[in-house]
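The values are calculated or read from the model by the stated rules, or taken from the named source; none is laboratory data. What you are looking at is a predicted structure, and each value in this text was computed from that prediction instead of being measured. Cβ coordinates were reconstructed from backbone atoms using ideal geometry, including for glycine residues, and neighbour counts include every protein chain displayed. Heads up: the accessible areas ignore ligands, DNA and RNA and are worked out on the full protein's heavy atoms, side chains in. Shrake-Rupley method; radii C 1.70, N 1.55, O 1.52, S 1.80 Å.
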Amino acid sequence: MFNTSALDPAASDDTTSDPRARSLGGRVFCAGKGGARKAGGGHGAEHSGTQASSALRLFKRLHRIAHWVGITTAVLMIALFALLYAARAVLRPAPGDWATTLRAGPLHMEVGVAALIQWSTTPWIARQLHGRSLPTRLGEVQLTWDDVAQALSLHCEPCTLRSSSWGGEPVRLQGAHMTVHRNATELRGTLQSGAISATWQGTLRANGLTLHIDVPTTPVRDGYALFANAIPELAHVQMEGTFAFKATLDLPSKTLSVQPRLDGMRVQGLGTEAWAQAQSQCSNNLPASAKKAPLRADSLLARAVLAAEDQRFFEHPGYDLVEINKALRSNQAEDVPLRGASTLSQQVAKLLVTGGERAPVRKLRELLYAVEMEQTLGKARILHLYLSHAPWGANVCGAQAAAQTYFGKRTDQLSAAQAVWLAAMLHNPALEAQRWKASGQINLPRAMWVVQGLRSLPQRERASLIHALPGVELSGRPFAMLLVATEACFTKASSTFGLKKCPKPPSEGL
């Protein structure tokens, strides 16, 4: 029942009677276990070798890619620098050429503008510009190239125009479009904004560009429509007439000359006819006698004011194209006070409606009122309105108040010299009032120029009047004697020929 052979060594020996067999069996057994371990280790080594081989191949592949990427990058960088060097060599301005600076990120490069225009209008380069935009002083400018017309187009919306000719305020347009076609050094194209179109042509030089612009006869209303957002009166005013102009612009000096033409302009709907009965508040605090004193259009003061402010008052229709042209030329000079070209009619519009903002659009509004005033009020009433409302400094307005403040007289009691002095103040009333308060002096060159404009006076009387100017007394204080700078203009022997040597003093226009 109980088998003791498993515990009997003899029984065990019987099953393996051959000692070698027992020994071999043991070794076989041991070899079996070790072999199993060795077999397992062989499979792991083979797997690890496969992974190492794959990683090596991947590393070599990445190394090869990095190698070619490095070579390609180096070639591209060399090509880029070569291209920039070539562009710089081509566009580099010679001494005296018209030049500007191009900026692309940290890179700055001085280029000749003439070469830049020539290259940008070359077809194969212009095609690369197609659809691009550039930031400029006008605003964001969109570029397009027309292969058929061989023309480059520039479009901005909105556009901002600046020029010293009309002061510091910019002119803003809703949009503008320009085309450029080049044939060697000759340029031509078109300009368009709203319903206004123009043609232009120019000659390109290494040191500059001269543009000739021609705006054909165009309805005045179309011109005003460009500024409809800034001129509220356009919503209800009726307008007739046409305008045209030719202009020449020299670059880079920005010298602008204009030959404007304005024909048959008529305005209706502003209500200026109501100003025929308008009463000034400037004389409210004056004595009754001064309030009742007449302001006659033929008085000494009225004639002096016209000589100072609007010498062609009785000749123009509310605007003076001659003075506008002079102002455009004068205002382009550096360090020179801006010169205005407003007629007395436009100044009345400024005093009663538009205010003192110095801007081109304000001038356009004043022109509307001036033209209508000429039709509804007439010259005499316009002159009376100006004299009744004009500023004379030190919170003084109106001719009667000025005569009382500075001379203690009514306007009809002023001497010729006193009338000239008051008229000479009008170009800059606040400054002249401060000058008198500080030193008791007048602006003698300005006053002398006003005397020259009194054409209704004989030459002998004008010469005598100039001698009387230094002796004019303001509220009991005598003026200082002649300034050294003006001694050459009038001496005891001064005559009409001597007066011609006195230039018009610079003044601020209204």
Exercise for review: Assess whether Gln413 counts as being surrounded by fewer than 23 Cβ atoms within 10 Å (Cβ to Cβ) and either within 30 Å of Arg266 (Cα to Cα) or touching a helix residue (DSSP H, G or I) at 6+ places or on another chain (Cβ under 8 Å) (or both).
Suggested key: yes
Revision key, fill the gap. Per the filter on the stretch 234-244, residues touching a residue at least 24 places away in the same chain (Cβ under 8 Å), crowded, with 17+ Cβ neighbours inside 10 Å and not in a loop (DSSP other than H, G, I, E, B) are Met239, Thr242, Phe243
Review point. Of (1) of a type outside the set (Val, Ile, Thr); (2) surrounded by 11 or more Cβ atoms within 10 Å (Cβ to Cβ); (3) at pLDDT below 85, Glu157 satisfies all except one. Which?
Key: (3)
Point to revise | Checklist (1) farther than 19 Å from Gln192 by Cα; (2) modelled with pLDDT of 85 or more; (3) in a loop (DSSP other than H, G, I, E, B) applied to Ala149, failing item | key: (1)
Practice item. Check Gly408, Gly378 and return the single one that is modelled with pLDDT under 95, surrounded by fewer than 23 Cβ atoms within 10 Å (Cβ to Cβ) and under 19 Å from Gln311 (Cα atoms). Key: Gly378
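This table checks each residue for (1) in a strand (DSSP E or B); (2) farther than 25 Å from Ala341 by Cβ; (3) out of contact with any Gly (no Cβ under 7 Å at 6 or more places or on another chain).
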| site | (1), (2), (3) |
| --- | --- |
| Arg127 | no, yes, yes |
| Gly202 | yes, yes, yes |
| Leu209 | yes, yes, no |
| Tyr224 | no, no, yes |
Exercise for review: Counting only residues that are at pLDDT below 90, give me the helices (runs of 4 or more DSSP H) lying completely in the stretch 264-368 with at least 1 of them.
Suggested key: 288-292, 321-330
Review point. Got at least one residue in the stretch 178-187 being surrounded by fewer than 16 Cβ atoms within 10 Å (Cβ to Cβ) and basic (Lys, Arg)?
Key: no
Review point. Identify, please: which residue in the stretch 451-470 is surrounded by 14 or more Cβ atoms within 10 Å (Cβ to Cβ) and not in a helix (DSSP H, G or I) and is, among those, modelled with the lowest pLDDT?
Key: Leu457
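Condition check ((1) more than 26 Å from Pro123 (Cα to Cα); (2) not hydroxyl-bearing (Ser, Thr, Tyr)) across all residues:
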| position | (1), (2) |
| --- | --- |
| Leu152 | no, yes |
| Ala184 | no, yes |
| Leu191 | no, yes |
| Leu204 | no, yes |
| Thr210 | no, no |
| Asp214 | yes, yes |
| Ala230 | yes, yes |
| Ala235 | yes, yes |
| Gln259 | yes, yes |
Exercise for review: For the stretch 416-431, name all the residues that are crowded, with 22+ Cβ neighbours inside 10 Å and within 39 Å of the chain's Cα centre (by Cα).
Suggested key: Val420, Trp421, Leu422, Ala423, Ala424, Met425, Leu426, His427
Exercise for review: Inspect all residues belonging to the stretch 411-426 and state whether any of them is touching a Phe, Trp or Tyr at 6+ places or on another chain (Cβ under 7 Å) and not in a helix (DSSP H, G or I).
Suggested key: yes
Exercise for review: Hey, can you tell me all the residues within the stretch 436-450 that are open to solvent by 50 Å² or more (accessible area, probe 1.4 Å) and either modelled with pLDDT of 90 or more or not polar (S, T, N, Q) (or both)?
Suggested key: Trp436, Lys437, Ala438
Practice item. Identify the residue in the stretch 204-218 that is at pLDDT 90 or above and open to solvent by less than 60 Å² (accessible area, probe 1.4 Å) and, among all such residues, is nearest to Asp250 (Cα to Cα). Key: Thr210
Practice item. Quick one: count up the residues across the stretch 251-262 that are in a strand (DSSP E or B) and either open to solvent by 70 Å² or more (accessible area, probe 1.4 Å) or farther than 16 Å from Val220 by Cα (or both). Key: 7
Revision key, fill the gap. Of the residues in the stretch 219-231, those that are surrounded by fewer than 15 Cβ atoms within 10 Å (Cβ to Cβ) and either in contact with a His (Cβ under 8 Å, 6 or more places away or on another chain) or without any contact (Cβ under 8 Å) to a residue 24 or more places away in the chain (or both) come to Ala228
Review point. Which residues, taken from the stretch 83-134, are open to solvent by 70 Å² or more (accessible area, probe 1.4 Å) and modelled with pLDDT of 85 or more?
Key: Trp124, Arg127, Gln128, His130, Arg132
Revision key, fill the gap. Out of (1) within 30 Å of the chain's Cα centre (by Cα); (2) open to solvent by 60 Å² or more (accessible area, probe 1.4 Å); (3) polar (S, T, N, Q); (4) more than 27 Å from Ala349 (Cα to Cα), the one Thr248 does not meet is (2)
Review point. What number of residues within the stretch 381-405 satisfy the criterion of being open to solvent by 10 Å² or more (accessible area, probe 1.4 Å) and without any contact (Cβ under 8 Å) to a residue 24 or more places away in the chain?
Key: 2
